[in-house]
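A.B. asks: Submitted below is the structure of interest, expressed as structure tokens.
The values are calculated or read from the model by the stated rules, or taken from the named source; none is laboratory data. Predicted model, so just to flag it, every value in this text is computed and none were measured. Here the Cβ is made from the backbone with ideal geometry for all residues, glycine too, and neighbour counts use every protein chain on show. Quick note on the areas: whole protein, heavy atoms, side chains included, nothing else; ligands and nucleic acids left out. Shrake-Rupley method; radii C 1.70, N 1.55, O 1.52, S 1.80 Å.
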Amino acid sequence: KLEQAQVNVDIARAWLKASPEDAVAREALDDAKLAQVQVKDDIDAAKLAQAQVKVDNARARWEASPQDAGAREALDDAKLEQAQVNVDIARAWLKASPEDAVAREALDDAKLAQVQVKDDIDAAKLAQAQVKVD
């Protein structure tokens with residue numbers, strides 16, 4: 001889908017280059033770019049949904065067996081993967097719009113959330129180790 005969207009943008013761009021005054025060619029390029037953005041947004045939404053499903057499934061497994069270290073590790077891995085997806089999406093947004101302050105803030109927030117997930121995992125591991133010591 002993404003490749004097809006890029007082909008459509010390239011064709012519209014070539015048409016506009018050949019006919020720079022053609023309003024229809026300009027509109028075709030704008031439409032092709034908009035469609036390309038929609039494809040990217042759909043892909044990002046699917047990645048986010050997939051990451052959320054992994055977190056939900058891992059959480060359900062861990063809640064069913066809280067003593068299962070493998071289940072806890074799977075939940076941690078799913079949370080880290082979800083945080084990375086958010087960072088990747090925000091990074092792509094900023095790359096596409098380097099001057100966009102909202103995109104910069106989104107990337108900063110995603111990175112901060114990623115660090116928080118890592119800190120939460122480390123804190124849980126420390127607490128678990130402390131329980132074992134006690």
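A.B. asks: What are the residue pairs meeting all of these: first residue in region 10-24, first residue part of a helix (DSSP H, G or I), second residue open to solvent by less than 70 Å² (accessible area, probe 1.4 Å), Cβ atoms under 6 Å, and 6 or more apart or on different chains?
C.D. replies: A12/A28; A12/L29; A12/A32; R13/L29; W15/A25; L16/A25; L16/L29
A.B. asks: Now for a different question. Any idea which of A51, A83, A106, A110 is without any contact (Cβ under 8 Å) to a residue 24 or more places away in the chain, part of a helix (DSSP H, G or I), hydrophobic (A, V, I, L, M, F, W, C) and open to solvent by less than 60 Å² (accessible area, probe 1.4 Å)?
C.D. replies: Details: A51 fails: without any contact (Cβ under 8 Å) to a residue 24 or more places away in the chain; A83 fails: without any contact (Cβ under 8 Å) to a residue 24 or more places away in the chain; A110 fails: without any contact (Cβ under 8 Å) to a residue 24 or more places away in the chain.
None of the other options fit; the residue is A106.
A.B. asks: Now a separate question. Among the numbered criteria (1) surrounded by 11 or more Cβ atoms within 10 Å (Cβ to Cβ); (2) of a type outside the set (K, R); (3) within 30 Å of V37 (Cβ to Cβ); (4) more than 14 Å from the chain's Cα centre (by Cα), which single criterion is violated by E99?
C.D. replies: Unmet condition: (1).
A.B. asks: It is to be established whether one or more residues within region 62-80 are surrounded by 18 or more Cβ atoms within 10 Å (Cβ to Cβ), in contact (Cβ under 8 Å) with a residue 12 or more places away in the chain and under 12 Å from the mean Cα position of the chain (by Cα).
C.D. replies: Scanning region 62-80, I find no residue that is surrounded by 18 or more Cβ atoms within 10 Å (Cβ to Cβ), in contact (Cβ under 8 Å) with a residue 12 or more places away in the chain and under 12 Å from the mean Cα position of the chain (by Cα), so the answer is no.
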